[in-house]
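Undergrad: One structure, pasted below without further comment.
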Amino acid sequence: MKIAKHMEVVFVVALAAAGSFSYFADGVKPAQARPAAIQDSSIASETKMAVVVVKGKRPSAAEKQQMLLADRRGPGSTI
């Protein structure tokens, strides 16, 4: 009820926030995205299969147990 009563103030504050954000956002440089380099081994043809390399370490038994417990405590859990 209070928001409906003071809707004009809410609108003015939102307008001021949007205006100040646009002023500060002008100084931010645009992202300089570049496509990833494609390696010859990642392109499949009739004579060779594409190769995908995944780098990472396997979790230990203790880390697996921690992840399992974290998943069980998530939203919708019955525990």
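Undergrad: Please state which one of 28, 52 is loosely packed, with under 10 Cβ neighbours inside 10 Å and modelled with pLDDT under 75.
TA: 28
Undergrad: Something else about it: For region 3-25, how many residues meet the condition of being hydroxyl-bearing (Ser, Thr, Tyr) and surrounded by 10 or more Cβ atoms within 10 Å (Cβ to Cβ)?
TA: Count: 1.
Undergrad: Against the condition of a type in the set (Val, Ile, Thr) and at pLDDT 80 or above, how does residue 47 come out, does it pass?
TA: Against the criterion (of a type in the set (Val, Ile, Thr) and at pLDDT 80 or above), residue 47 qualifies.
The values are calculated or read from the model by the stated rules, or taken from the named source; none is laboratory data. These numbers come from a predicted model, not from an experiment. Cβ coordinates were reconstructed from backbone atoms using ideal geometry, including for glycine residues, and neighbour counts include every protein chain displayed.
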